[in-house]
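Written out below as structure tokens is the structure these notes cover.
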């Protein structure tokens, strides 16, 4: 007979685990946000923070701040294309929707604007632009490859003609030429140094947000859908829902960049969402490299520098030729933009150093 029959087996209480030390917790979150933190990452952050202290107002505002805002919009495209396999040419359209909505709800010197508080206008603009990004995603995720590109391009062109021809809501081809930026605690947001740090804050938020999201189950599933959607569907993942959710995330990122661009330019017009800018965002993403979240910001710096100083090298009417030439050179000789060149050069240097160490050991 079993001596233990009839007795109640109480579950054993596991010993409480010791709480992690604060240093371990900080290191864990740093790894979740951006992977392993290396000295070069800290150096880049310090340089970005100290940049306005050594740069002129022109380079702080016209180059640094503009590159951060454009890089944020290009980051939304990199997230979709590099990690979701969906090349969307409508990200500048989503940013333009956010800019137009802010100009309508806030103050822009026209009778169309409602003159609401800037923070309320920002929230409404971000919400409407994100919903529009979801709609674009829902409309285009049922296609793949060139068809996705064509559908998103068609949406962008349609929005351009809508704002150009509609005067009751979007003020036609003139747009909103005097959009006022907010003044917070006595500081004008559009001043070079405050605006640079504001753009830097949201650029870092977008970068670390994407880095963190890519390590979550959603991000891993999205990359699996990029590589083999049929296999992921067979495993039980809802491919369409994941893709639409990716468009929602990208729409929010692009909307933040659109608000920053409206404050930077002080205006929003059909030219802000024209076909040239739809293509420029793709150029920026490809220049830096679409396999890394930092790539769009590197591409934006290159693009802004060429945009500002190409006219000093070639004729004003032909400065786009220089930008296109640089783009072609990078695309032809690197499959992953400037970062691809950097990775290939680093690999060659490591290989040469390893061969040198092996040779010295053989001689010894």
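Restricting attention to the range 135-160 and to residues that are out of contact with any helix residue (DSSP H, G or I) (no Cβ under 8 Å at 6 or more places or on another chain) and within 17 Å of residue 97 (Cβ to Cβ), the residue that is surrounded by the fewest Cβ atoms within 10 Å (Cβ to Cβ) turns out to be 158.
With respect to the numbered conditions (1) at pLDDT below 80; (2) in a helix (DSSP H, G or I); (3) closer than 26 Å to residue 44 by Cβ, which one is the sole condition not fulfilled by residue 335? Condition (2) is where residue 335 drops out. For the range 142-166, a residue qualifies if it is assigned to a loop (DSSP other than H, G, I, E, B) and either within 19 Å of residue 273 (Cα to Cα) or in contact with a strand residue (DSSP E or B) (Cβ under 6 Å, 6 or more places away or on another chain) (or both), and exactly one does: 166. If I filter the range 167-174 for residues that are under 18 Å from residue 74 (Cα atoms) and in contact with a helix residue (DSSP H, G or I) (Cβ under 7 Å, 6 or more places away or on another chain), do I get at least one hit? No, that holds for no residue. Selection within the range 30-44: residues that are surrounded by 11 or more Cβ atoms within 10 Å (Cβ to Cβ) and out of contact with any helix residue (DSSP H, G or I) (no Cβ under 8 Å at 6 or more places or on another chain). The member of this set that is modelled with the highest pLDDT is 44.
Go through the range 239-296 and give me each residue that's on the phi > 0 side of the Ramachandran plot and under 17 Å from the mean Cα position of the chain (by Cα).
Hit for the range 239-296 is 289, nothing else.
Taking the range 185-259 as the region of interest, the helices (runs of 4 or more DSSP H) fully inside it that hold 3 or more residues being over 22 Å from residue 77 (Cβ atoms) are 192-214, 229-234. Within the range 2-13, not a single residue is at pLDDT below 90, out of contact with any helix residue (DSSP H, G or I) (no Cβ under 6 Å at 6 or more places or on another chain) and buried (at least 17 other Cβ atoms within 10 Å of the Cβ). When residue 113 is tested against (1) over 18 Å from residue 84 (Cα atoms); (2) crowded, with 19+ Cβ neighbours inside 10 Å; (3) at pLDDT 90 or above, only condition (3) is not met.
When residue 82 is tested against the conditions (1) farther than 15 Å from residue 170 by Cα; (2) surrounded by fewer than 24 Cβ atoms within 10 Å (Cβ to Cβ); (3) out of contact with any helix residue (DSSP H, G or I) (no Cβ under 7 Å at 6 or more places or on another chain), the lone failure is (2). All of (1) in a helix (DSSP H, G or I); (2) modelled with pLDDT of 90 or more; (3) farther than 30 Å from residue 58 by Cβ hold for residue 139 with one exception: (2). When every residue of the range 295-312 is checked against the conditions, none turns out to be at pLDDT below 90, outside any helix (DSSP H, G or I) and farther than 25 Å from residue 164 by Cβ. Counting only residues that are surrounded by fewer than 24 Cβ atoms within 10 Å (Cβ to Cβ) and not in a helix (DSSP H, G or I), how many does the range 261-289 have? Number satisfying all stated conditions: 4.
The values are calculated or read from the model by the stated rules, or taken from the named source; none is laboratory data. Nothing here was measured: the structure is a model prediction, and the numbers come from that model. When we count neighbours, we look across all protein chains shown, and the Cβ atoms used for this are built from the backbone with ideal geometry, even at glycine.
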